[in-house]
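Scroll down for the structure; my scribbles are underneath it.
The values are calculated or read from the model by the stated rules, or taken from the named source; none is laboratory data. From a predicted model like this one, the values you see are computed outputs, not experimental measurements. All Cβ positions, even for glycine, are placed from backbone atoms using ideal geometry, and neighbour counts span all protein chains on display. The protein model used for the area step is the full one, side chains on, heavy atoms only, and it has no ligands, DNA or RNA in it. Shrake-Rupley method; radii C 1.70, N 1.55, O 1.52, S 1.80 Å.
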Amino acid sequence: MIRIVSVVFMLMLVLLACDTKTQKIKEVEESPEVVFDLEDIQKRGKLKVVTDYNSTNYFVYRGTPMGYQLELLQEFCNSIGLKLEVSVSNNVEENIDDLKKGKIDLIAQNLAVTREKGRVIQFTEPHTYSRQVLVQRNSSKAESDEKDMRFNEVIRNQLDLAGKTIYVQKGSSYVTRLRHLSDEIGDSINIVEIPDYEAEQLIGLVAEGEISYTICDENLAAVNKNYYDNIDIETAISFPQKIAWGVRKSSPDLLHVVNNWLVRFRKTTKYRLIFRKYFKNRRSTHMVDSGYHSLKGGSISIFDDIIKRESQTIDWDWRLIAALIYQESRFIPDIKSWAGATGLMQLMPETAKLFGVKNITSPEENIQGGIKFIKWLDSRLSLRIDDPEERLKFILASYNVGLGHVLDAMRLAEKNDKNPKVWTDNVDYYLLNKSKPIYFNDPVVQFGYCRGEEPYLYVTDILDRFEHYKNLME
């Protein structure tokens, strides 16, 4: 903690010595912006979005990617038929720069609508409303440490912020509000912008006594009040503000579609349920205390150590295997399917026997058997597909439905002038449609009928979950 304080104060001295904020805003305004709108995004087939990682917007809990922003984004993408690609960054200025450069299409964060930011991005219709509040320690509940730290009296009058030092997320709307408030009270407020610290992390520093004050949206502050009973969030420093997403100024069609969707969706019961789930439901807010929450616990399941160890035998990212296990069993070690597949990796009895699994419900043995099966599939498919990233999709499909059906789909692709070594829009199409007589009766097909939708979605779901795990888990 001492180290954190030292870094913070060094940053404060640097920022006090040189105020470059105006110049940075000017540079962002004048930097070129790509022209890439809805039609281009639809041709690409996916919407690239950045959001921030905290206990409400985006996180993993017991293997499931969750979050207020994530659920809104999934609903929106489903409504317009686009795949969602999510990246994570808590740096607002970098996100705006990436937006202008075309690296992302939409900033899905709790952006307060301000004129300053409105000069460089377009704000969508608000997805919610919130005030900005002062986060401070509640002296009646704080306990002194052995150094007899003296806690400040709780501030209720904004005039009493004169001369105070307030730490905020770099480039956030909180900076703008504090500057305006400084003018309004006719006195200085020492604003320290902290890079790479999100508002929720700064709340944690207040609760731990590392810093005295920060600013936060009231909705997020109320959630964190459940985690830290020694903070006070009752002092508002702004009127209610519109909280929105951001898009490029060169993307009017995307803005139009997002706005129309947001206006409609906010009136639905589904939106109200999503909002209550993350901001009003006290049981949901206590998920963060779990060891299986990515924010604090950092574990996907109780089997992480086994997965990490065994993943090294095939040189796969352990998070990919965890994503597969979640898909197969939701980490329930003794679960059994209607077809007889059993355990974490849903091994069929004959597969388990083939790969030396004696106790099929043993988590360790089951994972070892499943990984041996993956290794076997890889050895067979590597004879046909050189690219390991491409081969991965074929392995996953084969794990789900069997190698024979995947080989059939490859033969169908080749016969119909598609690339039998490429999954997307090539082999996946024929596996998806292998339930149709025109395909499963084709002379090149050796393994007959296949309900192809399941393996098709299986590959997509695992790879999507793997991307979320990479975003949020070490």
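Observations on the model:
- A Cβ distance below 7 Å, combined with a sequence gap of six or more or placement on separate chains, defines the contacts here; from region 47-76, residues that are more than 16 Å from Glu198 (Cα to Cα) and open to solvent by less than 10 Å² (accessible area, probe 1.4 Å) reach residues that are aliphatic (A, V, I, L, M) and in a loop (DSSP other than H, G, I, E, B) in the pairs Leu47/Leu82; Val49/Ile104; Val60/Ile300; Val60/Met473; Gly63/Ile300.
A quick yes/no check of all residues on (1) open to solvent by 20 Å² or more (accessible area, probe 1.4 Å); (2) at pLDDT below 95; (3) hydrophobic (A, V, I, L, M, F, W, C):
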position: Ala413; (1), (2), (3): no, no, yes
position: Asp425; (1), (2), (3): yes, no, no
position: Leu431; (1), (2), (3): no, no, yes
position: Phe440; (1), (2), (3): yes, no, yes
position: Val444; (1), (2), (3): yes, no, yes
position: Leu457; (1), (2), (3): yes, no, yes
position: Leu463; (1), (2), (3): yes, no, yes
position: Met473; (1), (2), (3): no, yes, yes
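- Any pair with Cβ under 7 angstrom, 6 or more apart, that starts in region 419-438 at a residue that is within 13 Å of His405 (Cα to Cα) and ends at one that is open to solvent by less than 50 Å² (accessible area, probe 1.4 Å) and charged (D, E, K, R): Lys434/Asp408
- Only a single item in (1) open to solvent by 20 Å² or more (accessible area, probe 1.4 Å); (2) within 22 Å of Tyr129 (Cα to Cα); (3) assigned to a loop (DSSP other than H, G, I, E, B) is not met by Glu153, and it is number (2).
- Filter pass, Lys375 being more than 19 Å from Asp461 (Cα to Cα), in contact (Cβ under 8 Å) with a residue 24 or more places away in the chain and of a type in the set (Lys, Arg): yes
- Residue pairs meeting the criteria (Cβ under 7 Å; at least 6 apart or on separate chains; first free of Cβ contacts under 8 Å to residues at least 40 places away in the same chain, in region 32-45; second loosely packed, with under 14 Cβ neighbours inside 10 Å): Gly45/Lys83
- Cβ pairs under 6 Å, 6+ apart, first in region 268-290 and closer than 18 Å to Tyr58 by Cβ, second modelled with pLDDT of 95 or more: Tyr271/Phe265; Ile274/Glu71; Tyr278/Tyr68
- Residues that are among the basic types (Lys, Arg) and touching a strand residue (DSSP E or B) at 6+ places or on another chain (Cβ under 9 Å) within region 229-265 comprise Lys242, Arg248, Lys249, listed in sequence order.
- Single residue of region 363-388 satisfying the filter (basic (Lys, Arg) and farther than 23 Å from Asp304 by Cβ) that is surrounded by the most Cβ atoms within 10 Å (Cβ to Cβ): Arg380
- Within region 82-134, strands (runs of 3 or more DSSP E) holding 2 or more residues that are surrounded by fewer than 20 Cβ atoms within 10 Å (Cβ to Cβ): 83-88, 128-130
- Residues that are assigned to a loop (DSSP other than H, G, I, E, B) and under 22 Å from the mean Cα position of the chain (by Cα), drawn from region 323-350: Arg330, Phe331
- Listed here are the helices (runs of 4 or more DSSP H) enclosed by region 391-474 that have at least 1 residues being in contact with a helix residue (DSSP H, G or I) (Cβ under 9 Å, 6 or more places away or on another chain) and within 30 Å of Thr51 (Cβ to Cβ): 428-432, 453-472.
- In region 222-254, residue modelled with the highest pLDDT [restricted to those that are within 29 Å of Ala162 (Cβ to Cβ), within 23 Å of the chain's Cα centre (by Cα) and open to solvent by less than 10 Å² (accessible area, probe 1.4 Å)]: Ile243
- Taken over region 333-353, the residue count meeting the criterion of being touching a Leu at 6+ places or on another chain (Cβ under 8 Å) and under 14 Å from Glu365 (Cα atoms) is 2.
- Qualifying residue in region 189-199 (condition: open to solvent by less than 40 Å² (accessible area, probe 1.4 Å), within 20 Å of the chain's Cα centre (by Cα) and either basic (Lys, Arg) or under 25 Å from Thr128 (Cβ atoms) (or both)): yes
- Matching residues in region 57-70 - criterion: being part of a loop (DSSP other than H, G, I, E, B) and either of a type in the set (Gly, Ala, Ser) or more than 23 Å from Leu99 (Cα to Cα) (or both): Arg62, Gly63, Gly67
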